[in-house]
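Comments concern the structure below.
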Amino acid sequence: KMNAQINWLNTSPAWGMEAAEHNTTSSATLSKLAAHNDLGVRTAVAENPNTLLSTVMRLAQDQCVDLRYAIAENHQMDGHVLRLLLADDNPYVAHRAERTLARCANEANIVSLPVVPGIPNRLKLVG
């Protein structure tokens, strides 16, 4: 039954958006909504605090540059996601991620991030 509902969501961006933005939507449902056809729904999934990091990391590699840019400009995004976007093929996305990380460092939202193999670490923390 859940699969039928998710298929229906793909044809209804308004309902998908409402579910993706709701603070009680489960991480499992958000993971399914991450595959929604609508950019707004996928963006709302990326910004929902209940979304698992693995789902957001998958969205950060979405083919839609507008979604990756939206993730890169979100200063509340997990630092590992932003660091992944530093290596984005689109220079605007990579630059936006770098500026967002710098803003987070200046706001002391990110004190220190461990080095993760395969994710660049170009962030220069200001003392």
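The values are calculated or read from the model by the stated rules, or taken from the named source; none is laboratory data. These figures come from a predicted structure and were not determined experimentally. Neighbour counts are summed over all protein chains in view; Cβ atoms, including those assigned to glycine, are modelled from backbone coordinates with ideal geometry.
For this structure, a couple of remarks:
- Condition broken by THR55, with the remaining ones in (1) surrounded by 14 or more Cβ atoms within 10 Å (Cβ to Cβ); (2) more than 28 Å from ALA105 (Cβ to Cβ); (3) among the polar types (S, T, N, Q) satisfied: (2)
- Residue within region 65-72 that is surrounded by fewer than 16 Cβ atoms within 10 Å (Cβ to Cβ), without any contact (Cβ under 8 Å) to a residue 12 or more places away in the chain and hydrophobic (A, V, I, L, M, F, W, C) present: no
- THR29 being modelled with pLDDT under 95 and of a type in the set (Ser, Thr, Tyr): yes
- Within region 81-97, residues that are closer than 20 Å to VAL45 by Cα sit with their Cβ atoms under 6 Å from residues that are in a helix (DSSP H, G or I) and of a type in the set (Ser, Thr, Tyr), at 6+ positions apart or across chains, in these pairs: LEU82/THR100; VAL93/TYR69; ARG96/TYR69.
- Annotation: of all residues in region 68-99 being among the polar types (S, T, N, Q) and closer than 14 Å to VAL56 by Cβ, the one that is modelled with the lowest pLDDT is GLN76.
- Inside region 32-48, residues that are surrounded by fewer than 16 Cβ atoms within 10 Å (Cβ to Cβ) and in a helix (DSSP H, G or I) make up a count of 1.
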